[in-house]
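**Q** Structure provided below as structure tokens; questions to follow.
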Amino acid sequence: MCTSVDRGVAPSDIGPDDLRKHLSVADTARMLVCAVHLTGDLTLLDRYEAHVTASGGAGQFFVVEGGAGDHPVGDPEPDGLAENQVRAELTDILCEAVAQTPLNLYTPFDDKTTFIRLGSVASGAKIDSAYSQFLLEQAGFLNDLVQDEPAKATSDVHIAIIGAGMGGLDAAVRATALGLDYTILEKAAGVGGVWQTHRYPGSGVDTPSVAYSMSYELNPDWGREFPLSDEYRSYLEDFAAKHNILEHVRFGTTVSAMVWNPDDATWELTVSSPGGDRVVRANVVISSAGTLNEASIPNIEGLDSFQGDMVHTTHWRPLDVAGKRVAVIGTGAASIQTVASIASEVGSLTVFQRQPHYLMPNKASDIVPDSEIWLRQNLPFYLQWTRLKSVWELSDADLYEMSYVDREWMKTHDMSFSAANERSRQASLDYINECFGERSELARKVTPDYPFMTKRPLRDPGTFGPGGFYYALTLPHVELVAEGIDSIGPNFIRTTSGEKIEIDTIILCTGMVLHWMKHIDVVGVDGVKLVDVWGEDDPRAYLGGTVPGFPNFFMNNGPNTAGGHGGTHTLQAETVNHYSFECIRFMLEKGARSIEVTQEAFDDYQARLDEAMKDKVWVADDRAHNFWRNSKGRVILQQPWRLLDMWRMCRRPKPADFVLAPGPVLVESA
């Protein structure tokens with residue numbers, strides 16, 4: 001049974017005068033749904049539904065049908081209420097409601113029809129009723145962590161979790177919820193995963209902060225709509241402290257091997273730490289080691305001969321770039337954030353571009369207004385409805401269509417896959433022309449020559465002004481070089497056309513190596529190695545997390561789990577971890593000591609995945625350089641289904657898909 005989450009603040013703490021002040025700039029759609037919560041009066045929807053506006057939020061990354069911006073929820077009547085009248089009346093209703101003691105909140109979470117109606121009002125979009133349970137969980141209204149009684153014999157199970165990033169921390173919370181003991185093995189000195197290591201200038205999240213947090217641990221205090229890495233790292237550190245995770249973490253510990261012991265159904269992990277090498281044992285291993293944590297170093301002649309400062313953004317160290325001749329190699333996400341941040345400090349900046357990205361304009365203010373923060377902190381359920389709007393915008397409604405190949409459309413369009421795909425492509429091209437002028441040299445250089453979404457679209461970290469990437473490219477001391485690098489010397493970079501550019505500092509923004517378990521020697525049943533099952537770069541897993549021959553081993557972010565068209569990494573982490581712990585629960589309730597996916601279930605899943613992938617934009621065109629295809633051209637990162645479909649598939653394990661080994665589990669400790 002799901003449980004309602006703590007909304008964070010007792011209604012009696014709200015002063016009507018403070019509420020009135022902050023509501024003067026609030027989103028009227030969210031004001032309306034909160035008024036329903038506070039009064040229980042559904043007739044408010046009948047009166048105001050057609051007259052409120054769901055303001056365009058930070059989640060509107062792409063262009064959806066009808067355009068971006070503020071969305072009237074309904075079609076106002078000719079004699080409809082004026083916006084200022086709607087705001088005034090809703091303000092009076094809310095202020096009167098919070099003054100009542102005691103206050104009984106109306107929570108229609110078991111009424112799918114009413115919840116979907118409220119969600120449609122709050123988001124300014126028509127929400128499919130099929131998404132009710134998904135949104136109840138992901139918007140933070142209900143907590144799925146404890147659905148039944150804790151699993152049987154939980155004191156006899158020890159879990160080794162590899163990695164203390166987002167997925168590992170979520171796994172720790174779920175282990176605690178089931179009464180399971182665990183240890184996290186983390187190679188870094190702190191929690192956060194990629195956000196522990198990403199400290200380059202301007203490093204930040206390009207997913208809206210209100211959606212990029214655990215559904216059961218919403219944060220009303222975000223200061224930025226798209227948080228910088230420091231703010232997000234602080235969120236994860238606070239999360240770990242609140243849930244008493246730190247006492248379970250072994251920092252500075254690297255896992256180099258794990259071997260399945262069939263005699264007692266345990267994994268033996270070889271780990272290295274400052275105290276030396278040792279072997280630890282666990283009944284279950286959950287890998288949240290991450291897939292993008294190894295720097296991709298370009299193979300450029302003479303790279304090692306460079307005598308100035310050189311650093312990769314993945315392994316950043318402080319650099320003094322003031323007045324220096326700086327080269328940035330690459331124009332991906334790390335590059336645009338770095339360039340936008342340092343452009344005003346350097347003496348000169350040369351940006352080397354292999355292939356341009358589709359860059360979307362920054363439509364949201366980076367700073368969350370004080371009144372918005374206050375409302376998220378104080379007005380019951382305002383935060384959850386804000387989250388729901390962002391989750392929905394990042395979900396399946398429009399973005400899934402954008403990632404789907406329309407074969408008829410493609411017969412007459414070479415650079416897009418559907419009408420929805422073309423709308424966002426055109427928005428990016430319009431932004432280029434607005435910034436640089438149509439047919440200008442810079443516009444030509446930054447215009448992609450491949451269809452939209454076949455390479456990850458990016459968001460300009462700023463507007464066309466200081467702090468923006470496109471703005472930085474227009475500065476007189478900044479040059480964009482749209483040709484290859486022939487070689488690097490002690491103090492220069494030579495282009496393929498022969499131009500020699502003198503450089504003091506090189507910043508490598510060349511991405512990361514996509515891999516799974518590459519640096520851990522995983523040995524399963526009968527001595528079979530995972531690397532031999534997968535080959536050089538063709539990893540596959542059942543529901544992204546389990547592989548035949550490797551019992552009691554789960555991956556949180558395994559192959560083909562990413563929601564390529566939308567969603568967030570928090571959604572992915574929660575979805576797959578939920579499934580892993582339901583498998584563990586199933587194993588324990590059946591009195592078994594190991595659980596392993598069958599080869600038949602695995603093969604059937606791969607066939608369905610490959611078939612569904614045929615209609616996705618990621619496989620329909622190969623002109624773009626991207627990191628999600630292997631050497632054979634197979635997409636290994638994204639899953640092809642709706643986010644809702646993947647979420648549903650991960651609700652419960654199918655007993656027929658697994659083999660259970662009977663016998664008691666043994667107490668182990670890492």
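**Q** Counting just the residues of region 272-292 that are among the β-branched types (V, I, T) and surrounded by 23 or more Cβ atoms within 10 Å (Cβ to Cβ), which one comes out farthest from the chain's Cα centre (by Cα)?
**A** V284
**Q** Out of all the residues in region 619-670, which are in a helix (DSSP H, G or I), of a type outside the set (D, E) and at pLDDT 95 or above? First the steps, then the outcome.
**A** From region 619-670, those in a helix (DSSP H, G or I) are 619-620, 643-649, 655-657; that's our starting set.
Checking the rest, the ones that are also of a type outside the set (D, E) come to 619-620, 643-644, 646-649, 655-656.
Correct list: L643, L644, M646, W647, R648, M649, P655, A656.
**Q** I would also like to ask the following. Being crowded, with 21+ Cβ neighbours inside 10 Å, modelled with pLDDT under 90 and out of contact with any Gly (no Cβ under 7 Å at 6 or more places or on another chain) is the requirement here; does A58 meet it?
**A** So A58 passes the test.
**Q** Please go through region 197-252 and give me each residue that is among the aromatic types (F, W, Y), in contact (Cβ under 8 Å) with a residue 60 or more places away in the chain and within 24 Å of N577 (Cα to Cα), ordered by number.
**A** Residues satisfying the conditions are Y212, Y216, F239, F251.
**Q** Out of the residues in region 1-33 meeting the condition of being modelled with pLDDT of 90 or more and hydrophobic (A, V, I, L, M, F, W, C), tell me which one is surrounded by the fewest Cβ atoms within 10 Å (Cβ to Cβ).
**A** V25
**Q** Still on this structure, please answer the following. Taking the condition closer than 26 Å to T454 by Cα and of a type outside the set (F, W, Y), does K363 pass? Before the answer, list the steps.
**A** Details: closer than 26 Å to T454 by Cα: yes; of a type outside the set (F, W, Y): yes.
So K363 fits the description; yes.
Each row is one residue, and each column tells you yes or no for (1) touching a Ser or Thr at 6+ places or on another chain (Cβ under 7 Å); (2) buried (at least 21 other Cβ atoms within 10 Å of the Cβ); (3) within 17 Å of S341 (Cβ to Cβ); (4) in the same structural domain as A172 (by TED's automatic domain parsing).
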position: G193; (1), (2), (3), (4): no, yes, no, yes
position: H198; (1), (2), (3), (4): yes, yes, yes, yes
position: S203; (1), (2), (3), (4): yes, yes, yes, yes
position: Y212; (1), (2), (3), (4): yes, yes, no, yes
position: W222; (1), (2), (3), (4): yes, yes, no, yes
position: D238; (1), (2), (3), (4): no, no, no, yes
position: N244; (1), (2), (3), (4): no, no, no, yes
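**Q** Looking at E611, E596, which one is in contact with a helix residue (DSSP H, G or I) (Cβ under 9 Å, 6 or more places away or on another chain) and among the acidic types (D, E)?
**A** Checking each option against the conditions leaves just E596.
**Q** Would you check which residues across region 407-444 are within 16 Å of M360 (Cα to Cα) and among the basic types (K, R) and list them?
**A** Selection gives R423, R425.
**Q** Take region 84-129 and flag every residue that is within 25 Å of V391 (Cβ to Cβ) and in a loop (DSSP other than H, G, I, E, B).
**A** L105, Y106, T107, P108, F109, D110, D111, G124, A125, K126, I127, D128
**Q** While we're here: Consider only pairs whose beta carbons are under 7 Å apart and that are at least six residues apart or on different chains; among these, list those whose first residue lies in region 383-404 and is not assigned by TED's automatic domain parsing to the domain that holds L218 and in a helix (DSSP H, G or I) and whose second residue is of a type in the set (K, R) and at pLDDT 95 or above.
**A** Once the first residue is not assigned by TED's automatic domain parsing to the domain that holds L218 and in a helix (DSSP H, G or I) and sits in region 383-404, its partners that are of a type in the set (K, R) and at pLDDT 95 or above give L383/R376; W385/R30; T386/R30; T386/R376; Y400/R642.
**Q** Would you check if V531 is over 29 Å from E401 (Cβ atoms) and either β-branched (V, I, T) or touching a helix residue (DSSP H, G or I) at 6+ places or on another chain (Cβ under 8 Å) (or both)?
**A** So V531 fits the description; yes.
**Q** Given region 283-365, what strands (runs of 3 or more DSSP E) lie entirely inside it while holding 1 or more residues that are outside the structural domain of M166 (by TED's automatic domain parsing) and closer than 30 Å to V255 by Cα?
**A** Here the list reads 309-312.
**Q** Just one of (1) in contact (Cβ under 8 Å) with a residue 12 or more places away in the chain; (2) not in a loop (DSSP other than H, G, I, E, B) trips up V279, so point out which.
**A** Checking V279 against (1) in contact (Cβ under 8 Å) with a residue 12 or more places away in the chain; (2) not in a loop (DSSP other than H, G, I, E, B), the one that fails is (1).
**Q** Please state which one of R623, R608 is exposed (fewer than 15 other Cβ atoms within 10 Å of the Cβ), in the same structural domain as A160 (by TED's automatic domain parsing), closer than 26 Å to H515 by Cβ and free of Cβ contacts under 8 Å to residues at least 40 places away in the same chain.
**A** Of R623, R608, the one residue that is exposed (fewer than 15 other Cβ atoms within 10 Å of the Cβ), in the same structural domain as A160 (by TED's automatic domain parsing), closer than 26 Å to H515 by Cβ and free of Cβ contacts under 8 Å to residues at least 40 places away in the same chain is R608.
**Q** Would you confirm, using the coordinates I've provided, whether T313 is modelled with pLDDT under 95 and under 25 Å from the mean Cα position of the chain (by Cα)?
**A** Answer is no for this residue.
**Q** Which helices (runs of 4 or more DSSP H) sit wholly inside region 408-522 and have at least 3 residues that are out of contact with any Gly (no Cβ under 7 Å at 6 or more places or on another chain) and more than 30 Å from Q638 (Cα to Cα)? Step through it out loud before you land on a result.
**A** Working: elements: 419-436, 441-446, 469-473.
Helices (runs of 4 or more DSSP H) meeting the threshold: 419-436, 441-446.
**Q** Residue under question is I336, and the condition is that it be in contact (Cβ under 8 Å) with a residue 40 or more places away in the chain and either within 30 Å of I520 (Cα to Cα) or surrounded by fewer than 14 Cβ atoms within 10 Å (Cβ to Cβ) (or both); does it hold?
**A** Answer is no for this residue.
**Q** So which residues in region 444-491 are without any contact (Cβ under 8 Å) to a residue 24 or more places away in the chain and closer than 14 Å to S428 by Cα?
**A** R444
**Q** Out of the helices (runs of 4 or more DSSP H) lying entirely within region 153-261, which hold 1 or more residues that are at pLDDT 95 or above, over 16 Å from G290 (Cα atoms) and aliphatic (A, V, I, L, M)?
**A** It comes to 166-177, 229-242.
**Q** For region 626-663, give me the residue count where each residue is among the polar types (S, T, N, Q), within 22 Å of G567 (Cα to Cα) and either out of contact with any strand residue (DSSP E or B) (no Cβ under 6 Å at 6 or more places or on another chain) or outside the structural domain of A592 (by TED's automatic domain parsing) (or both).
**A** Total meeting the criteria: 2.
The values are calculated or read from the model by the stated rules, or taken from the named source; none is laboratory data. Predicted, not measured: the structure shown is a model, and the values here were computed from it. Note that we place each Cβ from the backbone using ideal geometry, even for glycine, and neighbour counts take in every protein chain shown.
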